[in-house]
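Undergrad: Let me begin by handing over the structure; questions about it come next.
Every read-out reported here was derived from the displayed coordinates using simple, explicitly stated rules and does not represent laboratory data. For clarity, every value in this text was computed on a predicted model and none was experimentally measured. Heads up, the Cβs are rebuilt from the backbone with ideal geometry, glycines too, and the neighbour counts pull from every protein chain shown.
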């Protein structure tokens, strides 16, 4: 029974960290699969494998100073994100991604979009027309990737994976449940 109390306490301890996730609207935040790096700034990455019948995954990258999208992708590759790229001499471009058993199709190419959500539920994407090594990161930036393009070569925007923000009543209920079970166990 003590484990229920510990689980409720652990949830309470982790809940403040959830606020570091990117808020999409008042009830949802980005569902982060993994985080890399350390620092006072955080940018986010969404990779959508829908074109190869996969899911969309989100990541967080933290840093200090100046960083580019390429820095973020390299940092996330250190924790298991497969990131293939080519330096064409005029810039570095992503060739393919893999994550958790899902693999893109490099022959579809990868469309890159950028957004900075305002927390009102809308993610207004714009095409990223530059190489990843020249695309600077900013705090709260969302770098989105979709495996393919529209017929006019504009970027197809990725689906943003979301998770519901637990309300205060849900957290309080879990704590009360945990305390109640602990009391009965003594």
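Undergrad: Just for region 28-164, what percent of DSSP beta bridges are antiparallel, to the closest 5?
TA: On the way: 28 of 38 bridges.
Percent antiparallel among DSSP bridges in region 28-164 is about 75.
Undergrad: Please report 163, 156 as a ranked list, fewest other C-beta atoms within 10 angstrom at the top and most at the bottom.
TA: Sorted ascending by nearby Cβ count, the order is 163, 156.
Undergrad: Please report the base-10 log of the normalised intensity I(q)/I(0) for region 28-164, using a Debye sum with one equal scatterer per alpha carbon and no solvent, at each q in 0.16, 0.17, 0.20 (1/Å).
TA: The calculated log intensity ratios at q = 0.16, 0.17, 0.20 Å⁻¹ are -0.77, -0.88, -1.28.
Undergrad: Quick one: 49, 108, fewest Cβ neighbours within 10 Å first, how do they rank? Numbers along the way, then the final one.
TA: On the way: 49 23, 108 15.
Sorted ascending by nearby Cβ count, the order is 108, 49.
Undergrad: Now a separate question. Pairs of Cα atoms under 8 Å, at least six residues apart: use those to get the relative contact order of region 28-164, whole percent.
TA: 32
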